[in-house]
Amino acid sequence: MPPWLNEPLTWGGALVLFLWAVVFLFIVLGFVTYAIYFERKVIGWMQLRVGPNRVGPFGLFQTVADIFKLLVKEDTIPRKADRLLFILAPALAYIPAFSVLAVLPYTQNLYFADLNVGLLYYVALSGISTLAIVLGGWASNNKYALLGGMRSAAQMISYEVPLVISVVGVILLSGSLNLRDIVAAQDGGWFWNWNFLPQIIGFVVFIIAAVSELNRTPFDLPEAESELVAGYHVEYSGFRFAFFMLSEYVYVYAIAALTTVLFLGGWHAPAPFLDFVPGIVWFLLKFAVIVFFLFWIRATFPRIRVDQLMGLGWKVLLPVSLLNVFLTAVYLELFIK
Amino acid sequence: MENYANNYVVVAIFIALGILLPVVALTVGRLLRPNKPTNPKQTTYESGNEPVGEGQVRFNIRYYLFALMFVIFDVETVFLYPWAVAYNKLGLFVLVEMFVFAAMLLVGLLYAWKKKVLKWNSV
């Protein structure tokens, strides 16, 4: 919120900022509630089912009911579990998921924090979630949970490397880690000025690695219901389980917004004559398309095998993302400088 | 400069809210939910069977090798980020330098590949 950010901060100003952040928290919780509903509906339609339609009109209150059910459900902690770590893990999964949202800009003037290391902040904090998953798997003292947690950690660290290297091309083109500057660098009037075309290799690697980081189908091996019961959160019940799910969907929000900012031109209109539409509309449209895309591939692809997963990450995505970095650098050297 | 610090206040507020929500939600939940622990409820879940042996079983050493590889390439990204930001102000020399650096790490990747570290066989 820019007006407050340019003045020296008072306690009153900090309180206003805090209240805005609380409002934003409720927006994100609302997004998560209806993203889950939307996901179930969309996948239902794609599989020629109806999806949730009982609770409220069109089943609109289904997720709300689910959340209340989780809230009043008895919370069991297994006797053999490491109590402290068991309680800590869901909170640790959620804290970075919400904290990364601080740096995402929505329009030229609508953003929370304008960090000059915004992108670095994002990738650094999102890496912490891996710890929470290993912690949850280990503290449960359960075979399935431990194996699920280990698999998940291996998958997430394997795909984090291509993910963070694939955005280096974007940083090269814009010369900044500030997410607002990155969007400003894509301002050419037309949609081919957005990074997804000049950085098509990086874009594809980023999308594949991001889906894997989100632990979503076709990379949802950590939660493979048919082989690992539920993976790292098998012993969790009630609201602690809800926090693992919540952080997963908050990351869907974060990744969709980040992809929009990095590759799809943020709030810029696809053509100059469409400039009269406010930037926030373009941002939300692109955001919604990516969220839909994530649900679409969940309904389309089968889960891949663990050996294919690791092979893809290290043998294909990592060399390709490095190649992209040097291709971009050579291009800048030859044609721009 | 004032502006700069304020942005980190926002980040601190977000982290504080991130901590606050689980605390508040779980405390409210504690007041709402029933709490009737019984012995069977608190046993380790193993698809309905009696749990066999230890929970913290031995797992594949391969995870450790992946962790090592991750450390190597994550350090590379730590060097790539500032390099990419400053690239436009630097000359051809830094490009060659970074290429040499990445090539050395790629040799490591090829070695791991050759040693079948990246091949997943379930043991």
If I filter region B:88-96 for residues that are free of Cβ contacts under 8 Å to residues at least 24 places away in the same chain, open to solvent by less than 40 Å² (accessible area, probe 1.4 Å) and within 7 Å of chain A (Cβ to nearest Cβ), do I get at least one hit?
yes
Being open to solvent by less than 70 Å² (accessible area, probe 1.4 Å), of a type in the set (G, A, S) and over 23 Å from A:L264 (Cα atoms) narrows A:A139, A:A113, A:A102, A:A124 down to just A:A139
Notebook entry, point to check: Does A:I208 count as buried (at least 18 other Cβ atoms within 10 Å of the Cβ), modelled with pLDDT of 85 or more, part of a helix (DSSP H, G or I) and touching a Pro at 6+ places or on another chain (Cβ under 9 Å)?
Noted result: yes
task: For region A:196-204, state whether one or more residues are touching a residue at least 12 places away in the same chain (Cβ under 8 Å), open to solvent by less than 10 Å² (accessible area, probe 1.4 Å) and among the hydrophobic types (A, V, I, L, M, F, W, C).
output: no
Of the residues in region A:309-321, those that are surrounded by fewer than 19 Cβ atoms within 10 Å (Cβ to Cβ), within 16 Å of A:F219 (Cα to Cα) and at the interface with chain B (Cβ under 8 Å from one of its Cβ atoms) come to A:G311
Quick count over region A:136-188, residues being more than 30 Å from A:D82 (Cα to Cα) and part of a helix (DSSP H, G or I), is 19
Within region A:182-193, the residues that are touching a Ser or Thr at 6+ places or on another chain (Cβ under 6 Å) and in contact (Cβ under 8 Å) with a residue 40 or more places away in the chain are A:I182
Of the residues in region A:88-99 that are closer than 30 Å to B:G53 by Cα and crowded, with 20+ Cβ neighbours inside 10 Å, the one that is nearest to the chain's Cα centre (by Cα) is A:A93
In the set B:P40, B:P51, B:P82, B:P34, the lone residue that is without any contact (Cβ under 8 Å) to a residue 40 or more places away in the chain and touching a Ser or Thr at 6+ places or on another chain (Cβ under 9 Å) is B:P51
Counting only residues in region A:9-46 that are open to solvent by less than 60 Å² (accessible area, probe 1.4 Å) and of a type in the set (V, I, T), the one farthest from A:A113 (Cα to Cα) is identified as A:I43
Original post:
Condition test on B:G29, is it at positive phi and over 25 Å from the mean Cα position of the chain (by Cα)?
Top reply: no
How many residues of region A:108-119 are touching a Pro at 6+ places or on another chain (Cβ under 9 Å) and either part of a helix (DSSP H, G or I) or free of Cβ contacts under 8 Å to residues at least 60 places away in the same chain (or both)? The answer is 1
Hey, any hits in region B:71-87 for a residue that's part of a helix (DSSP H, G or I), modelled with pLDDT of 85 or more, closer than 24 Å to A:A97 by Cβ and open to solvent by 60 Å² or more (accessible area, probe 1.4 Å)?
yes
By residue number, the members of region A:65-84 that are of a type in the set (A, V, I, L, M, F, W, C) and surrounded by 15 or more Cβ atoms within 10 Å (Cβ to Cβ) are A:I67, A:L70, A:L71, A:I77, A:A81
Contact list, first residue from region B:97-112 and open to solvent by 90 Å² or more (accessible area, probe 1.4 Å), second anywhere and at pLDDT 90 or above, beta-carbon distance below 8 Å, six or more apart or interchain, is B:F99/A:F326
In the set B:P40, B:P34, the lone residue that is more than 8 Å from chain A (Cβ to nearest Cβ) and open to solvent by 40 Å² or more (accessible area, probe 1.4 Å) is B:P40
Condition set open to solvent by 80 Å² or more (accessible area, probe 1.4 Å) and farther than 21 Å from A:L262 by Cα, scope region A:288-299, selection modelled with the highest pLDDT: answer is A:W296
In the set A:I165, A:I182, the lone residue that is under 14 Å from B:W83 (Cα atoms), open to solvent by less than 10 Å² (accessible area, probe 1.4 Å) and not acidic (D, E) is A:I165
Reported set for region A:156-186 where residues are facing chain B (nearest Cβ under 9 Å), within 16 Å of B:I72 (Cα to Cα) and out of contact with any Gly (no Cβ under 7 Å at 6 or more places or on another chain) is A:I157, A:V161, A:V164, A:I165
task: Kindly establish whether A:L179 is over 26 Å from B:V52 (Cα atoms), touching a residue at least 40 places away in the same chain (Cβ under 8 Å) and of a type outside the set (K, R).
output: yes
Checked against (1) open to solvent by 20 Å² or more (accessible area, probe 1.4 Å); (2) in a helix (DSSP H, G or I), A:I133 satisfies every condition except (1)
Of the residues in region A:258-287, those that are of a type in the set (A, V, I, L, M, F, W, C), surrounded by fewer than 23 Cβ atoms within 10 Å (Cβ to Cβ) and out of contact with any Ser or Thr (no Cβ under 6 Å at 6 or more places or on another chain) come to A:A269, A:A271, A:F273, A:L274, A:F276, A:V277, A:V281, A:W282, A:L284, A:L285
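The values are calculated or read from the model by the stated rules, or taken from the named source; none is laboratory data. What you are looking at is a predicted structure, and each value in this text was computed from that prediction instead of being measured. Positions of Cβ are generated from backbone atoms using ideal geometry, with glycine treated the same way; all protein chains shown enter the neighbour counts. These area figures cover heavy atoms from the full protein model, side chains too; ligands, DNA and RNA do not enter into them. Shrake-Rupley method; radii C 1.70, N 1.55, O 1.52, S 1.80 Å.
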